[in-house]
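Some notes on the structure that comes next.
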Amino acid sequence: MSTVLADIEEELKFCQMSVESESRLELVVEILQEISSKLEDFMLKQKLTEGEMEQAKSLYQKARLLLHRAQAILSIRDKEQEKFLPKRV
């Protein structure tokens with residue numbers, strides 16, 4: 001289980017770098033949604049040690065925060081792009 005959590009931590013590092021650089025955000029949103037779902041399943045269905053549970057909770061919070069930031073950036077980007085689209089009559 002600790003190797004799975006370590007892999008998730010590495011994926012979160014990639015996602016954090018992408019959010020900070022505002023690149024590949026659509027991919028990041030998908031990855032973060034998958035990570036959040038996976039961590040929820042682990043916390044609910046797996047018998048984790050106290051340390052693993054704390055690590056899973058911490059990773060889950062980080063994933064949700066990054067997901068929120070990525071979605072906010074995408075929303076802002078979409079609104080900015082709408083300004084440059086021709087208006088429909």
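The values are calculated or read from the model by the stated rules, or taken from the named source; none is laboratory data. Keep in mind that what you see is a predicted model, and the values were worked out from it rather than measured.
Is one or more of the residues making up region 46-56 modelled with pLDDT of 95 or more, more than 9 Å from the chain's Cα centre (by Cα), farther than 19 Å from LEU74 by Cα and basic (Lys, Arg)? No, that holds for no residue.
For region 5-35, the tally of residues that are among the polar types (S, T, N, Q) and at pLDDT below 95 stands at 1.
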